[in-house]
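What follows is a short report on a single structure.
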Amino acid sequence: MPEGHTIHRLALDLERDLVGHRVEASSPQGRFLEADRLDGQVLRSTEAFGKHLLLHFGAGSVVHVHLGLFGRFRRHRHPAPPPRDTTRLRLVGPERTWDLVGPTACELLTAAGLRGLRARIGVDPIAPRTSREALDRAFDAFSRTRRDVGAVLLDQGVFSGIGNVYRAEILFLLGIDPATPARDLSRRDFDAIWRKARELLRLGVAERRIVTVRDAGRRPPRREALHVYKRETCRACAGPIARTTSANRSLWWCPTCQRPRGESTRS
DNA sequence: AGACGATGCGGAC
DNA sequence: TCCGCCTCGTCTT
């Protein structure tokens, strides 16, 4: 679930259900004791950037949630089922209850902590607007590193919100060999990656899932919605999909369609 | 009952 | 570069 599109979708859904309302907050699991301090406060707004979710409460409390690999939010109609033993945070609104389970982070943030978090997060393709300066800084980091482009796409300090599925799909769609050193790519390539990331992640927010294949039809099964991720054969050339490792994660790619420099482009 | 994996990340070396 | 942590559905024994 959790790449950037999931977090932005969550921010919207939580906003719709809970913002403007006094919320009952608790930590059934007991690992987020500060929930008591939130109990009865009004949720003022929700915010997503990269894979981070912020809940801004009335009295100035800011809750930072990062789902990590396993974290999930579940939404219940009332009456909600009893929380599980693992429920880190339960938020009860007027009509819906939200349960957070398994997050990497669920914590109150100080103003300094919030500044630090914002400062270390790179440009977010889902954000409505991104300054020229921020984009130039991202390109700067992109063009200086010795790492391969596959690793850089996962670096949340450069681009934020891209995860292991989107990186494989973006590189395929742009015809780029994932082992290409990032600094060998041009500004034009960088811009193409940025545009493709914006297109795909924003579509993911709307669709509530990752879909990178055009004409996949409505609600296609997962493997029909993707080009290369965890696939055996290439959707374009029917050749075998290769699996390599980049930034310690598996990366699926097509050695025929993806070349050291992205001269071939498809969509 | 137990093993395994997963769309993530920080810290130790 | 590797390890550990967070959880749970699915698969195997």
With every protein chain kept in place and a 1.4 Å probe, chain A has an accessible area per residue in Å² of 49
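Against the globular-protein guess of 2.2 N^0.38 Å, express the Cα radius of gyration of chain A as a ratio, rounded to two decimals. If you can, show how the numbers build up before the last one.
Numbers: Rg = 19.8 Å, N = 267, 2.2 N^0.38 = 18.4 Å.
That works out to 1.08 for chain A.
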Length-normalised contact order of segment A:132-253, Cα under 8 Å, at least 6 apart, in percent, tallies to 25
Loop-resident GluC sites (Glu not before Pro) in segment A:68-144 with no more than 14 other Cβ atoms inside 10 Å, DSSP not H/G/I/E/B, are A:Glu95
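Run the helix sum for chain A: -39,500 (n - 2.57) per DSSP H stretch of 4+ residues, divided by residue count, reported at 222 nm to the nearest 500 deg cm²/dmol. Kindly include the intermediate steps, with their values, before the conclusion.
Numbers: 8 runs with 82 residues, N = 267.
Only helices count here, giving -9000 deg cm²/dmol.
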For segment A:4-119, whose charge dipole is built from +1 on Lys and Arg Cβ atoms and -1 on Asp and Glu Cβ atoms, the candidate among A:Ser27, A:Phe49, A:Ala105 with its Cα farthest towards the positive end is A:Phe49
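When the gyration tensor of segment A:112-267 is built from Cα positions, what are the square roots of 5 times its three eigenvalues, in whole Å, from largest to smallest? Intermediate values should be presented prior to the final figure.
Numbers: eigenvalues 126, 71, 37 Å².
Equivalent-ellipsoid dimensions as semi-axes: 25, 19, 14 Å.
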For A:Arg219 and A:Ala206, extending 7 Å from Cα along the Cα-Cβ vector and measuring point to point gives, in nm, a value of 1.9
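At a 1.4 Å probe, what is the % contribution of carbon and sulfur to the accessible area of segment A:150-260? Can you show the working numbers first?
Numbers: 2220 of 4950 Å².
Carbon plus sulfur share of accessible area: 45 percent.
Out of the total accessible area of segment A:1-140 (probe 1.4 Å, heavy atoms of protein only), what percent is carbon and sulfur? Could you put the intermediate results ahead of the total?
Working: 3520 of 7080 Å².
For segment A:1-140, the apolar C and S fraction of the accessible surface comes to 50 percent.
Apply 1/(1 + (r/R0)^6) to the Cβ-Cβ distance of A:Ala112 and A:Arg16, taking R0 = 30 Å, and write down the FRET efficiency to the nearest 0.05.
On the way: r = 31 Å, r/R0 = 1.02.
According to the calculation, E is roughly 0.45.
The values are calculated or read from the model by the stated rules, or taken from the named source; none is laboratory data. Note that the structure is a prediction, hence the values are computed from the model and not measured. A quick note on method: Cβ atoms are made from the backbone with ideal geometry, for glycine too, and the neighbour counts reach across all protein chains shown. Ligands, DNA and RNA are excluded from the accessible area calculation, which covers all protein heavy atoms including side chains. Shrake-Rupley method; radii C 1.70, N 1.55, O 1.52, S 1.80 Å.
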